[in-house]
Structure formats: C-alpha cells, structure tokens
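Taking it in order: structure first as structure tokens, then the write-up.
The values are calculated or read from the model by the stated rules, or taken from the named source; none is laboratory data. Here the structure is a predicted model, which means the values were calculated and not measured. Neighbour counts run over all protein chains shown; Cβ positions are idealised from the backbone, glycine included.
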Amino acid sequence: MNEELAASGEASVWSLFTESFDVFSVVLLIGSFIAVSLIVKLVLDARRAVIAPEDIVDSLARDLDSGDLDSFLSTAGDDAGIVGSACEAAFNARASGASAMREAAEVAASNACSRWTRTLDLLRVIGELGPLVGLAGTVWGMILAFVRLGQAGGTAGPTDLSLGISKALFHTLLGLMLAVPCLLVYGWYRSVIEKHCNTAFEQAGRLVDRLSAMGDDDGDAA
C-alpha cells in the first residue's frame, strides 16, 4: 500500500512537471545547466594553486635574485594569472618610473582578477533572476487557471482549481531550486576568491617593489 502511494506521489510530481512545461520552464532549465557549468568552473579554478600559485612567485623571485630580467619577463608573460600579469605590466612600464610601474601592475592585476569575479557575478545574476522567472511563470499559470474557471462558468470543482494552482506554483518551486544553490555557492566562493586575490595582490606588490628598486639602482649607477 505504501509503495503504491509512493509511486502515485512520484507520478503526480512528474505529471505536474510535464503539464507545467512551458517557456518559463525552458528558461529555468537552461539557467540550471548554465549554473551547474559555472559552479564546476569555480570549483576547478577558484583555488589558491590557480589564483596565487607559489611556484610562479618563487620563480620570479629567483629571477630577480639572479638579476636575469629576460627570464623574469618570460616567466611573467607565460603566467596569465594575477602575479604574472602584474609583473609583466610593471616591467613594460619601467621606463616611466616606479609610480607608473605600480599603477600598471594594479590595473593588470585587477583585470586578471576579473576572470574569477565575472563568473561569480554571472552566477549571482542567475540566482537572483531564477525566482523572478518562476514567479512570472506562476502568475501566468494562475491567469490561465482562472480563465479556464471563467470559461467553465464557475462550475469547476475544488479539485480542478487546486490542480491548476499547483501547476502554476510549480514554476516558483523551480525558480527557488535554481536560486538557492546559486546564491549559496556565490556567497561561499566570493570570500574565497577575495582571499586568494588579496594574497596574489600582495605577492605581486612585493615583486613589483623589488623590480622597481632594481630600476632605481640601475638609474643611480648610471
């Protein structure tokens, strides 16, 4: 008996999904697929080993210790992350002085950091739009339910009316199921990415200061 009720409940939920399937459901499903791909991307990329890798910092520091600026520029150019981008921009601005080097490094580091913040912003937008799309689908479903009730001359029974309302509310459920994980992941990884980006900014700042000091030493020697 319990198995029959469980099977009936599953069939009821599935029938609500199939009967409520419309353009709003399609939008919510597409948003779900995009959100899953963004979450996977964050899990793979939002790590310190990717955002602020120690091996790149150590390699650049060794190049500065040995005075091999050609190797320093090559190493920085091969790294598309925050540290490499900042160091490459600072190196290219050496002729303009230490202040220009730091400014160029800050701009390059901010642009590199946007690689992760753009993903977060898109995930937040999907999380915030999900309930709104679901609400729009619910309102549309309620309108259709009451139109059918009016066409029936108000003779529809409570069962028919409750079925129409449940179909309409199913869109709200889909929207919330999309929004909750998106906003949870956004809130968690926002602090994680900020932490790792700040670490990378500090690492790049120390290297740029050393590079600018070398430039000052060269100028003094000249």
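Of all residues in segment 197-211, which are of a type outside the set (A, V, I, L, M, F, W, C) and surrounded by 21 or more Cβ atoms within 10 Å (Cβ to Cβ)? 203 - this is the single residue of segment 197-211 that is of a type outside the set (A, V, I, L, M, F, W, C) and surrounded by 21 or more Cβ atoms within 10 Å (Cβ to Cβ). Residue 96: among the polar types (S, T, N, Q) and out of contact with any His (no Cβ under 9 Å at 6 or more places or on another chain), yes or no? Against the criterion (among the polar types (S, T, N, Q) and out of contact with any His (no Cβ under 9 Å at 6 or more places or on another chain)), residue 96 qualifies.
Sub-6 Å Cβ pairs linking a first residue in segment 79-107 that is buried (at least 18 other Cβ atoms within 10 Å of the Cβ) to a second residue that is aliphatic (A, V, I, L, M) and not in a helix (DSSP H, G or I), at least 6 apart or interchain, are 101/93; 104/93, ordered by first then second residue. Residues considered: 177, 214. Of these, the only one that is surrounded by fewer than 17 Cβ atoms within 10 Å (Cβ to Cβ), closer than 30 Å to residue 50 by Cβ, at pLDDT below 90 and not aromatic (Phe, Trp, Tyr) is 214. Answer yes or no: is there a residue in segment 20-31 that is in a helix (DSSP H, G or I), farther than 30 Å from residue 165 by Cβ and touching a His at 6+ places or on another chain (Cβ under 9 Å). The answer is no, given that none of the residues of segment 20-31 is in a helix (DSSP H, G or I), farther than 30 Å from residue 165 by Cβ and touching a His at 6+ places or on another chain (Cβ under 9 Å).
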